[in-house]
Amino acid sequence: MKRPQILTRAMAVTVATLCAASASADPDEDSLTINGEIEIMTEAAAPAHLDDVDTIYSGWRFRSDETQSMQMDDFDNPAMIFVEAAAEAWDQVEGTEGKSCGTCHDDVDNMRGVRAVYPKWSETAGEVRTLEHQINDCRENQMGADSWNYTGGDMAAMVGLISSVSRGLPVNVAIDGPAQSTWEMGKELYYTRTGQLELSCANCHEDSYGLMIRADHLSQGQINGFPTYRLKNTKLNSVHGRFKGCVRDTRAETYKPGSTEFIALELYVASRGNGLSVEGPSVRN
Amino acid sequence: MASGVKPRVKVPKTAAAGEAITIKTLISHKMESGQRKGDDGNIIPRSIINRFVAEFNGQNIIDVTLEPAISTNPYFQFEALVPEAGEFHFIWYDDDGSVYETKKSINIA
Amino acid sequence: MTLTRRNLLILGAGTYAFTTLAGVPAFANLTDDAIASLTGGAEMGEGAITLTAPEIAENGNTVPVSVDAPGAVEITLYADGNPVPSVATFRFGPLSASSSASTRIRLAGTQNVVAIAKMEDGSFQIAKANVKVTIGGCGG
């Protein structure tokens, strides 16, 4: 097993050199207002628990003007196609109990604020839950309907709808109390190198944000904009789907979407963005 | 009919007589280019929207021919004259013969 | 030369470079052919048509482009590096307020986007824009 190790080192050096050699390009100075009315904080002072970062930036600030502008108007944002479909699903009665989301929650606007505090400790479940888990909990236990695939289209669209009504509110996930141990597990994962490339989340998104990784402008890996419509696959992408892609790119076996590890990582990464506005559904490359 | 196709249009509700207004349209469609291969290694057949027409009170505003190089969820923005109150009619033509339509009315302020 | 794995790799790389080089002019010719059949080989003017496209596109899947040619009855867009160069044709009707339109297009790689406007008097105008299509660092 000697050869792969040498290869890995060589690659790590190459990655480092490429990053160092390319022109440093910090986040741009653009500001984001959606539909001319929703002010989005794309920059904020780092939350107290972050030691190595002073300022946090939304991924929006690292994208080209063209990609940025697609998010500035809901009509130009292709993610809204999916949000509109979810708005119909919201009032769709499904399952054995004859209920829709709207039966209990009435108008989806009542969900304003929800996205901002998830993942969140659930007293009844005795664990930290993501918004996806909560949606499936409602479907199974309130509606008597089938659960949705964690990273499936229906789920991403519903998370997008619920996020959309919280846009502009600051992300504010709780990291203390009963959530603390999960948060610490997430932090551990964030700083653990994985895969043949031996890269941790922090190597790219804390140490190297603003640099180019090949032709890509590295962001801080904030998740305040999720779910996100990506130009590369023209669909809504979930947080755990994105985590999976990132971890896979370190050439590691990934955790599963919905797994304990990814829940913990989501809580931790969300907490790194405490203070940025909820922005989802966003548009990224 | 391709599944999940849904047209969206953005038109102001009112305009002054003779005013030029901006119209935006977006339709959810895969726009399968006919260039991609599926998991089985075979070419996925082309399936796109090949024509888009916008009219106002029966008169043409724009007539667009689309090729596979138009992105997924085709988006258009253009300008129309509004001579009087009336109705916009937007029509998308699919390779498979389906026709998707939507209408929007506008008042003169 | 014995066919070691290394040599095979080199061979493979060489073949790839060759086909790529050979491919570009072929596509460019397709575009020239398409333009010639549109204009009938007529001389094309410049300056009365504006084509707006990003210098660098973050993803070739969705590249915003706009065209504006006051007095044009028709504008056709081409992408000279795509396997099929035609992109779209806009025909402006009597209730069109301006001979302009915006859309989002697919570009297979770095290439020229070409816009040809057919003017009211039957003459043609041409504008080109080079768009660099970047490849993301992270496939993730």
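The values are calculated or read from the model by the stated rules, or taken from the named source; none is laboratory data. Because the structure is predicted, anything quoted here is derived from the model rather than measured. All Cβ positions, glycine included, derive from the backbone under ideal geometry; neighbour counts span all protein chains shown. For the accessible areas, the whole protein counts, side chains as well, though only heavy atoms, and no ligand, DNA or RNA atoms are used. Shrake-Rupley method; radii C 1.70, N 1.55, O 1.52, S 1.80 Å.
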In degrees rounded to 10, the 0-90 angle between helix A:180-190 Cα long axis and the longest Cα principal axis of chain A is 40 degrees
More than 15 angstrom apart: percent of Cα pairs within segment C:39-114: 58 percent
Number of partner chain Cβ atoms within 10 Å, mean per residue of A:76-86: 3
Here the relative contact order (percent) of segment A:78-185, from C-alpha pairs under 8 Å and at least 6 apart, is 35 percent
Helical mean residue ellipticity (222 nm; -39500 (n - 2.57) per DSSP H run of 4+; nearest 500) of the protein assembly as shown: -8000 deg cm²/dmol
Accessible surface buried once A binds B (1.4 Å probe; total of both sides; Å²): 1000 Å²
Pairs of alpha-carbon atoms within less than 8 angstrom and 6+ residues apart define the contacts here; what relative contact order does segment B:62-109 have, in percent? 31 percent
Within 10 Å of each Cβ of C:60-67, how many other protein chain Cβ atoms are there on average? 5
Row for segment A:116-159, column shape: gyration tensor on C-alpha, a ≥ b ≥ c, rounded if a/c < 1.5 i.e. under 1.5, prolate if a/b over b/c, else oblate; value oblate
Interface C/A, total buried accessible area with a 1.4 Å probe, nearest 100 Å²? 1600 Å²
Rounded to the nearest whole Å², what accessible area per residue is found for chain A with the 1.4 Å probe? 45 Å²
Taking 8 Å as the Cα distance limit and 6 or more residues as the minimum spacing, I'd like the relative contact order of chain A as a percentage. 28 percent
On the formula 1/(1 + (r/R0)^6), with r taken between the Cβ atoms of B:Lys24 and A:His49 and R0 of 51 Å, the FRET efficiency rounded to 0.05 is 0.75
What does a probe at C:Glu46 reach in segment C:81-118, counting residues whose amide N is under 15 Å from the point 7 Å along Cα→Cβ? C:112-117
Mind grabbing the base-10 log of I(q)/I(0) for chain A at q = 0.08, 0.09 Å⁻¹? Debye formula, identical points on the C-alpha positions, no solvent, two decimal places. -0.34, -0.43
Coarse-grained scattering of the protein assembly as shown at q = 0.09 Å⁻¹, given as base-10 log I(q)/I(0) from a Debye sum over alpha-carbon atoms: -0.76
I need the shape label for chain B. Rule: rounded when a/c is under 1.5, else prolate if a/b > b/c, else oblate, with a, b, c from the alpha carbon gyration tensor. prolate
Cα-based reach from A:Lys232 at 20 Å (exclusive), listing lysines while leaving out same-chain residues under 8 positions away: A:Lys244, B:Lys30, B:Lys37, C:Lys132
For chain B, what is the accessible area per residue in Å², given a 1.4 Å probe and the full set of protein chains? 46 Å²
Leaving ligands, DNA and RNA out of it, report the carbon-plus-sulfur percent of the accessible area of the protein assembly as shown at a 1.4 Å probe. 51 percent
Report, by chain and number, residues whose modeled amide H sits under 5 Å from the one on B:Ile62, excluding near sequence neighbours (fewer than 5 apart, same chain). B:Ala54, C:Gly93
Quantify how strongly other chains surround peptide C:81-88 by giving the mean number of their Cβ atoms within 10 Å of each of its Cβ atoms. 5
Among B:Ile61, B:Ile44, B:Ile27, residue whose mean-square fluctuation peaks in a GNM of chain B (springs only between Cα atoms under 10 Å): B:Ile44
By the Kirkwood definition, with r running over pairs of different Cα atoms, segment A:27-88 has a hydrodynamic radius in Å of 13.3 Å
Would you work out the Kirkwood radius for segment A:185-285? I mean one over the mean of 1/r across all pairs of different Cα atoms, in Å. 13.9 Å
What does a probe at C:Ala36 reach in segment C:79-108, counting residues whose amide N is under 17 Å from the point 7 Å along Cα→Cβ? C:80, C:85-86
Calculate the spin-label point distance for B:Ala16 paired with A:Asp65, positioning each point 7 Å from the Cα along the beta-carbon direction, and give it in nanometres. 3.0 nm
Which of rounded, prolate, oblate describes segment A:149-204, given a ≥ b ≥ c as roots of the alpha-carbon gyration tensor eigenvalues and a/c under 1.5 marking rounded, otherwise prolate only if a/b is larger than b/c? oblate
Under 5 Å, built H, 5+ apart or other chain: amide partners of A:Val128: A:Ser122
What's the total accessible area buried between chains B and C, using a 1.4 Å probe, rounded to the nearest 100 Å²? 2200 Å²
